[in-house]
1. Give the longest segment of the chain that steers clear of GluC sites (Glu not before Pro) in DSSP loops with at most 14 neighbouring Cβ atoms within 10 Å, not counting the sites themselves.
2. Taking a virtual spin label 7 Å from the Cα of ASP318 along the C-beta vector, which residues in region 443-457 bring their backbone nitrogen under 19 Å of it?
3. Relative to the present Cα-Cα distance, how much length would full extension add between SER140 and TYR107 at 0.36 nm per residue of separation?
4. Which FRET efficiency value, to the nearest 0.05, is calculated for GLU407 and ASP302 with the Förster distance at 30 angstrom and r the Cβ-Cβ distance?
5. When the accessible area of the chain is split by element with a 1.4 Å probe, what percent falls to carbon and sulfur?
6. For LYS86 and LEU41, calculate 0.36 nm times their separation in residues minus their Cα-Cα distance, and state this gained length in nm to one decimal.
7. Loop only per DSSP, at most 16 neighbouring Cβ atoms within 10 Å: give me the trypsin sites (Lys or Arg not before Pro) in region 404-453, ordered by residue number.
8. Need the C-alpha centroid separation for region 413-450 versus region 219-293, integer Å.
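The values are calculated or read from the model by the stated rules, or taken from the named source; none is laboratory data. The structure displayed is predicted, hence computed values, not measured ones. All Cβ positions, even for glycine, are placed from backbone atoms using ideal geometry, and neighbour counts span all protein chains on display. Protein only, heavy atoms only, side chains kept; ligands, DNA and RNA dropped before computing areas. Shrake-Rupley method; radii C 1.70, N 1.55, O 1.52, S 1.80 Å.
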Amino acid sequence: MPPEPIRKLAAIMFTDMVGYTALMQKEESKARELIEKHRSLMKPLIEKHSGELIQYVGDGTLCRFDSAIEAVNSAVEIQKVLRSEKDLVLRIGIHVGDIVIKGEEVYGDGVNVAARIEPLAEPGGVCISGRVYDDIRNQSELEARLLGERVLKNVERPINIYSLILDDKKMSPTMSQNIDIRGKENNIGGNSIAVLPFVNISSDPENEYFGDGLAEEIINALTKIQDLRVASRTSSFAFKGVKEDIRVIGEKLNVETVLEGSVRKQGNQLRMTAQLIKVEDGYHIWSETYDRELQNIFAIQDEITDNIIKSLKVFLSDNEKKLIKNKPSIEVKAYDFYLRARKFMHSWTKKNLNFALKMLHRAIEIDPNYALAYASIAECYCWIYAYYESKEENLIKAEEASQRSVELGPDLAETHVSKGNSYSLSKKFIEAESEFRTAIGIDPNLFDSYYYLGRTNLVQGKLEEASQYFKKASVLSTEDYQALL
């Protein structure tokens, strides 16, 4: 009679060898020797911390611990021991969650999430979920850096991811310093800012999308400035709803200043507050309250952006001034649907992408000339095609929407990125690269242009070129994990 399943809470650790697949193709005998060494080293270091090596998964391992602290201590010791092994480099991911044990099988939410976290770690590094971090945060010998909120495949809700700091002297460049695309090395300080989601103080909780959208629009405007480092949306939004001192948030995001505020949207009336706070002492650098009609929302965004630039004394090139002011006339009701759609898009689930498409189609019904709405429609269809339904009709819809977006907004980098993505999925790589380079020419500070150009080179096997574009993307958004994988 088969054993009854046992359900319990556990800390799950996934490990994976870096570069093993490529080594297996080149030197199979060496790869097999390496995996044997890996397994012989791992088992005692797991059992030393009261863990159980459940099974080997290819060139990786699945391990279980009763304590998050034991799992983390085991991972830290493993990585320290492996530093002397030049050819043996691991990524490690840890999560605490519900698991089901049935005989020799172990499965469940804890296993799934840990498996998704592991690829986010840098080679030789350890990434943990927010749940694990809550269990270890009071351990003085353990320190972690927030990477931000991540959407993990087949995981319903985004979760916060942290990277353990194993050795300050061995921190990677992306953690310890900002390497400018132009070849300079700058300390992460300097002019830097995080824009938090605007708190919804309307009577209707569904208006939350509006405050999120406003913050995202301000982030998008500020990222166009070369001399200003802006924390990514993912990192800033990880602090949404978190009741913590602004100075602590700023330190965790490694920025000098933080913009926070609130918004009340009632019919056609809008009341917004915004304050720019210095992280060092918690004092306001600038604050303002806006009582306007909804129709004035674009002017308010411009004023907030201008006040930040003036307060931080940031120099703007002529091209940067043009990029920030380059906002086509948009119907406010259409813009409202656009913000609703962007809220859905950030979850990446098929259901929410379809909700987003409904909102975007409402937007273009109201304003048929809304270029960015068409670009977002193309983006939704590209994601649906790539991750959920690889149907020709989804690719055709992506191509049609991206083409229309470029026709309406030829001077917007985002429209060319959308067209480049549809070309890339259609394997029209020359055309895709051309569109991404056009986007870079328009806005040299747009993460998506470099990231998707890197991916397009990667699928063609042009690894050196891909690496360079991913490197540039990771500089533009130091907190974004995707380009580092």
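1. Formally, the longest exposed-site-free interval is 281-388.
2. Under 19 Å, as judged by backbone N against the label point of ASP318, lie 443-445 of region 443-457.
3. Net length gain for the segment: 8.7 nm.
4. Working from the Cβ atoms, E equals 0.70.
5. Carbon and sulfur atoms account for 48 percent of the accessible area of the chain.
6. Residue separation times 0.36 nm, minus the Cα-Cα distance, leaves 14.8 nm.
7. LYS427, LYS428
8. Between the Cα centres of region 413-450 and region 219-293 lies a distance of 30 Å.
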